[in-house]
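Inspection log for the structure reproduced underneath, given as structure tokens.
The values are calculated or read from the model by the stated rules, or taken from the named source; none is laboratory data. Bear in mind that the values here come from a model prediction, so they are computed numbers and not experimental data. Don't worry about glycine lacking a Cβ; one is built from the backbone with ideal geometry, like all the others, and counts go over all protein chains shown. Ligands, DNA and RNA are excluded from the accessible area calculation, which covers all protein heavy atoms including side chains. Shrake-Rupley method; radii C 1.70, N 1.55, O 1.52, S 1.80 Å.
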Amino acid sequence: METTAAQPESMMLEQPQKEHHWLQKMVGEWTYETEVEMGPDHPHETFSGTESVRTLGGFWVVAEGQGEMPCCGIAQTIMTLGYDPKKQQYIGTWIGSMMTYLWVYEGELDAEERVLTLNSEGPDMADETKMAQYRDIIEFKSHDHRVMTTHALGHDGQWHAFMTVNYRRQ
């Protein structure tokens, strides 16, 4: 007499879809250079570091970064990205050693499959008691070069870029 129960359908092994395959382009070892412009009253700042991106089951990528940050010393970051077929959206998270906030992403890939736009909400940089809308845009310039630009939705209703990160494959 067989005693194994049938697995529920939700427990069945899924297969990565084309959206998951797109994320695999990020897998590898990278160096990065960041330029930050926080506003006209703040000096332009640059810093650099490294990032190691691995796959998790072909569904997710986990990007672990480490590098210098002005006035913060060495910072560590972890980004996770995946694709939710039910929501038909890219999803993910971002955490950093310099803050306690967990950033949650939802986004989409452009029609040319070169630009991933990730939307999130987080503490307002001008008033941390309020929340603000942010957008990270990841664009592959080539197989070995990607750029992430971070924007904040201003009080004027316009998106303002304040950080650009150039990643180059090692």
* Asked: At a Förster distance of 30 Å, what's the computed FRET efficiency of residue 35 paired with residue 108, Cβ-Cβ distance as r, to 0.05?
  -> 0.70
* Asked: Which order do 44, 143 take when ranked by solvent-accessible area (1.4 Å probe, heavy atoms of all protein chains), largest first?
  -> 143, 44
* To do: Can you pull the one-decimal nm distance between simple spin-label points at residue 158 and residue 66, each 7 Å off the Cα toward Cβ?
  => 4.1 nm
* **Debye, to nearest 20: dipole size of the chain, +1 on Lys, Arg Cβ, -1 on Asp, Glu Cβ** => 440 debye
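How large is the charge dipole for region 58-131, taken about the Cα centre, if only the Cβ atoms of Lys, Arg (+1) and Asp, Glu (-1) carry charge, to the nearest 20 debye?
Roughly 200 debye for region 58-131.
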* Asked: Just 110, 156, 144 to compare: in a GNM of the chain, with alpha carbon springs under 10 Å, which one fluctuates most?
  -> 156
* Using the reciprocal of the averaged 1/r over all distinct C-alpha pairs, how large is the Kirkwood radius of the chain in Å? -> 17.6 Å
* Kindly sort 146, 135 by accessible area of their heavy atoms, largest first, with the probe set to 1.4 Å. => 135, 146
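Assuming 0.36 nm per residue, please report the length gained on full extension of the stretch residue 95 to residue 75 beyond their Cα-Cα distance. Provide the component values of the computation, followed by the final result.
Values: separation 20, 0.36 × 20 = 7.20 nm, distance 1.06 nm.
Full extension from residue 95 to residue 75 adds 6.1 nm.
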* Structure fact -> Among GluC sites (Glu not before Pro) in region 28-114, those in a DSSP loop whose Cβ has at most 10 other Cβ atoms within 10 Å are 112
* Asked: Roughly how many nanometres apart are two label points built 7 Å out from the Cα toward the Cβ at residue 54 and residue 18?
  -> 3.0 nm
* Anyone know which of 48, 142, 120 comes out most mobile in the 10 Å Cα GNM of the chain? -> 142
